[in-house]
1. If Lys and Arg each add +1 and Asp and Glu each add -1, what is the summed charge of the other residues whose beta carbon sits under 10 Å from the beta carbon of ARG145?
2. Amide H to amide H under 5 Å from VAL124: which residues, 5+ apart in sequence or cross-chain, H placed 1.01 Å off N in plane?
3. At q = 0.26 Å⁻¹, what log₁₀ I(q)/I(0) does the stretch 83-128 have when each alpha carbon counts as one equal point scatterer in the Debye sum?
4. Could you go through the stretch 178-184 in sequence order and give the Karplus-derived ³J(HN,Hα) for each residue, using 6.51 cos²θ - 1.76 cosθ + 1.60 with θ = phi - 60°, rounded to whole Hz, and x for Gly and Pro?
5. Under the Kirkwood approximation for Rh and a Cα-based Rg, what ratio Rg/Rh is obtained for the stretch 29-127?
6. Kirkwood hydrodynamic radius, computed over distinct alpha-carbon pairs, for the stretch 1-48: how many Å, to one decimal?
7. Normalise the Cα radius of gyration of the stretch 109-201 by 2.2 N^0.38 Å (N = residues in it) and let me know the number.
8. How much of the calculated P(r) for the chain lies past 32 Å, in percent of all Cα pairs?
Amino acid sequence: MNLDQISDLEQLRAAVAGCQACGLRAGCRGVVFGEGAPGARLAFVGEGPGAEEDRLLRPFVGAAGQLLDKILAASGFDRTQNAYILNVVKCRPPGNRVPTPEEREACRPNLAAQLRILQPPIVVLLGATALQTLIDPEARITRLRGQWLQRNGVWYMPTYHPAALLRDPAKKKETWHDMKLVIDKYRAVVDPGHVSPHYPG
Ligand code: URA
């Protein structure tokens, strides 16, 4: 299936549902495509589905996802209103291990097609896997988080993955710093009237 011909996210979802490009699909329940508001101008890219995501076939619905939803709510974002959530790999790696470079490359056409159709001007990279896959395989999240990276007209903000915040709550402060930059940028390039309950601006 040539994904380049597809210009609609629901058509793409149907095409990706049958993907067998790497070995992950054989060990999971199904493809977790991504979800969000149609026409969202802001995307959040995670690593890959965990157990709960694989069970429900929805991204970020486990413990890390619940924390992500809280971060979004504090920022005035919501996956049903103005944000789209997706992952580097669409199938759960066994035992929640980090997807290998080969698995990420196998899934890259799926991710690239999603971003091509969505064309979000702002992309938040949640953790090292998203940063390394979309920006630079050698990049370190601890060094680059909190700094805007512009590539082909898109603004990328690397920040910690919510699972890292569950392991080390001290990182929440830096994450909120990064999210305030995202809110500023959203107000600058998408909606000057954007309301954030915890960052009136
Ligand atoms: N972690 C991720 O990176 N993605 C999910 O969908 C859930 C947890």
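1. Details: positive: ARG140, ARG143, LYS171; negative: GLU174, ASP178.
Net charge in that neighbourhood comes out at +1.
2. So VAL124 has HN proximity to ALA43, PHE44, VAL45, MET157.
3. -1.09
4. Once θ is set to phi - 60°, the couplings for the stretch 178-184 become 5, 5, 5, 5, 5, 5, 4 Hz.
5. Details: Rg = 12.7 Å, Rh = 13.5 Å.
Using Cα coordinates only, the ratio equals 0.94.
6. Averaging 1/r across every pair of different Cα atoms and inverting gives 12.5 Å.
7. 1.11
8. On the way: 1923 of 20100 pairs.
Tail fraction, whole percent: 10.
Bear in mind that the values in this text are calculations on the coordinates, not laboratory data. Keep in mind it's a predicted model, so treat the numbers as computed, not measured. All Cβ positions, even for glycine, are placed from backbone atoms using ideal geometry, and neighbour counts span all protein chains on display.
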